[in-house]
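Engineer: A single structure is presented below for examination.
We did not get these values from a lab; they are worked out from the coordinates using the rules stated. As the structure is a computational prediction, the values presented were derived from the model and not from experiment. Methodologically, a virtual Cβ is constructed for each residue, glycine included, from the backbone with ideal geometry; neighbour enumeration extends over all protein chains shown.
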Amino acid sequence: MNLDADVIIVGSGPGGCSAAYFLRARGCRVLILEQKKLPRYKTCAGGVPDAGLDLFPFSFDRVIEQKIRRFSCVFGPNTVTMDVPDRTLSMVMRDRFDQFLLEHSRAEVGEQSRVTGLTQDEHKVVISTARGKTFRARYLIGADGHNSRVAAVTGLGNGRRNSLALQAETTVDRDILQSFQGRLLAGFNVLPSGYYWIFPKSDHLSVGIGALKPGKQPLRKILQEQMARFDIDLSKSRTRAYPLPVFSGLAKVHSGRVLLVGDAAGLVDPYTGEGIRHALFSGMAAAETILAGNIQNYTRRIQDEIAGDLLWAKRLAGFFYARQHLSFHYLLRNRCIFQAMLKTVTNQKTYKKAIFNWPLYLLHLFNRQPLDPPQS
Ligand SMILES: Cc1cc2nc3c(=O)[nH]c(=O)nc-3n(C[C@H](O)[C@H](O)[C@H](O)COP(=O)(O)OP(=O)(O)OC[C@H]3O[C@@H](n4cnc5c(N)ncnc54)[C@H](O)[C@@H]3O)c2cc1C
């Protein structure tokens, strides 16, 4: 059979590049088809849990802008700032991060190749692009993000609902930049479900707001108002809106010779909006499943190792955002619960385990982090 590659991957984000890396490491011929010219900007706050980076046997130091050491939570006039252990969360700019991973994969890349259609039989998958080209491979990985064409054509992708987030890259005065060195900020009680953020980069701040449930909130206005509180003026910054394909329930993520990873598979955490770690992991899982020749087990693996626990994240989000006052003062400020939440990000604990530890949290009910002194 005349094939263009063993595996074709649609999309060169973290999900696609991770799959490409692990397939190439075992000698597979991999072709990545990416609709954009590379490197491309991706609307994203760029907070990557180190647990995602640890999947790879090389260092990401070259593309890490900052390491997070402190986390500030804001609720109305109150702020609480807590220490974050080393090796929890790194800040990246996605154009550089994704390109770095792509180069490490050593996959063949077809830029500006938008995939429009596919067919499959028991031996191969045939992919067509908007420019009229056709490619053949043994397997196809759909890593094409929130609006996955691969998912649409194969009738998959039912486990996500598109919500919305806004993001701006903004330059600020040195003093403000300095005050956010190694510090991440999240602000609550401005949306029925979701939060705004300030993520520090080496020479600017990435600021944004994400609604974890779809709604008609004036996100841009809310973000501008909240940023003004920190003397951050967004009037001259470009604010980009981008869909956030939040996990909404267990669903099939493979069909025949086609597998979905990352946002295409609906693996964005419905509590935090985090998706890069799960994109990296599902990319690796898709590669391993193909290499082991048992893709019929792929959906089960994703459900066992990611999606099953995202169901608990969804339940937690329902509780947390419906009672934000209580959640701020008795969950986020509770030192024991905050540590447990950090452990879910570092893969040391599942949401399910963290939630079922509630009797322990009751013992620590009054072990609360004091509020920061009011800013003058
Ligand atoms: C505002 C915002 C902030 C966020 N902040 C964070 C954060 O701080 N931390 C975190 O973990 N997650 C964050 N996320 C989520 C995160 O960005 C995604 O979960 C992550 O990018 C998923 O990676 P992916 O590889 O699945 O998809 P993507 O990164 O979206 O990559 C998909 C790729 O496929 C290409 N593509 C799409 N369609 C086609 C086609 N038909 N043919 C060819 N190529 C195609 C696209 O051009 C793109 O390059 C944020 C999301 C938003 C919107």
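Engineer: For the cross-link pairs LYS124/LYS314; LYS67/LYS252; LYS36/LYS221, which exceed 32 Å when the distance is taken from alpha carbon to alpha carbon?
Structural biologist: From LYS124/LYS314; LYS67/LYS252; LYS36/LYS221, over 32 Å: LYS124/LYS314; LYS67/LYS252.
Engineer: For the residue pair HIS204 and LYS221, what label-to-label distance in nm results when each label sits 7 Å from Cα along the Cα-to-beta-carbon direction?
Structural biologist: The two pseudo-label positions are separated by 2.6 nm.
Engineer: Straight-line reach from LYS352: which aspartates and glutamates fall under 13 Å, measuring Cα to Cα and dropping same-chain residues less than 8 apart?
Structural biologist: Counting by Cα, and skipping residues close in sequence, LYS352 has these aspartates and glutamates nearby: ASP304, GLU305, ASP309.
Engineer: Just subtract the alpha-carbon distance of PHE356 and LEU177 from 0.36 nm times their residue separation and send over the number in nm, one decimal.
Structural biologist: Details: separation 179, 0.36 × 179 = 64.44 nm, distance 3.89 nm.
That works out to 60.6 nm of additional length.
Engineer: Which of the lysines could be linked to LYS37 by a straight reach, that is with a Cα gap under 18 Å, when you skip same-chain ones fewer than 8 residues away?
Structural biologist: LYS133
Engineer: Mind listing which chymotrypsin sites (Phe, Trp or Tyr not before Pro) in segment 12-44 are in a DSSP loop and have 16 or fewer other Cβ atoms within 10 Å? Before the final figure, lay out each step's value.
Structural biologist: Working: sites: TYR21, PHE22, TYR41; in loops: TYR41.
In loop regions of segment 12-44 (DSSP not H, G, I, E or B), the sparsely surrounded chymotrypsin sites (Phe, Trp or Tyr not before Pro) are TYR41.
Engineer: If you plug each phi of segment 55-61 into the Karplus form 6.51 cos²θ - 1.76 cosθ + 1.60 with θ = phi - 60°, what whole-Hz ³J(HN,Hα) values come out, in order, with x for Gly and Pro?
Structural biologist: Residue by residue, segment 55-61 yields 5, 9, x, 9, 8, 9, 3 Hz.
Engineer: Taking Cα pairs under 8 Å and at least six residues apart, what relative contact order does the chain come out at, in percent?
Structural biologist: Details: 799 pairs, mean separation 77.2, N = 376.
With pairs under 8 Å counted, the relative contact order is 21 percent.
Engineer: Oh, and also: At 0.36 nm per residue, and after removing the present C-alpha to C-alpha distance, how many nm does the segment from ARG87 to ALA228 gain when stretched out fully? Walk me through the numbers on the way to the answer.
Structural biologist: On the way: separation 141, 0.36 × 141 = 50.76 nm, distance 3.10 nm.
Stretched fully, the ARG87-ALA228 segment lengthens by 47.7 nm.
Engineer: How far apart, in nm, are the 7 Å Cα→Cβ label points at LEU250 and GLN339?
Structural biologist: 3.2 nm
Engineer: Could you list CYS17, CYS28 in order of exposure, starting from the residue whose Cβ has the fewest other Cβ atoms within 10 Å? Can you show the working numbers first?
Structural biologist: On the way: CYS17 29, CYS28 20.
Fewest-to-most ranking of CYS17, CYS28: CYS28, CYS17.
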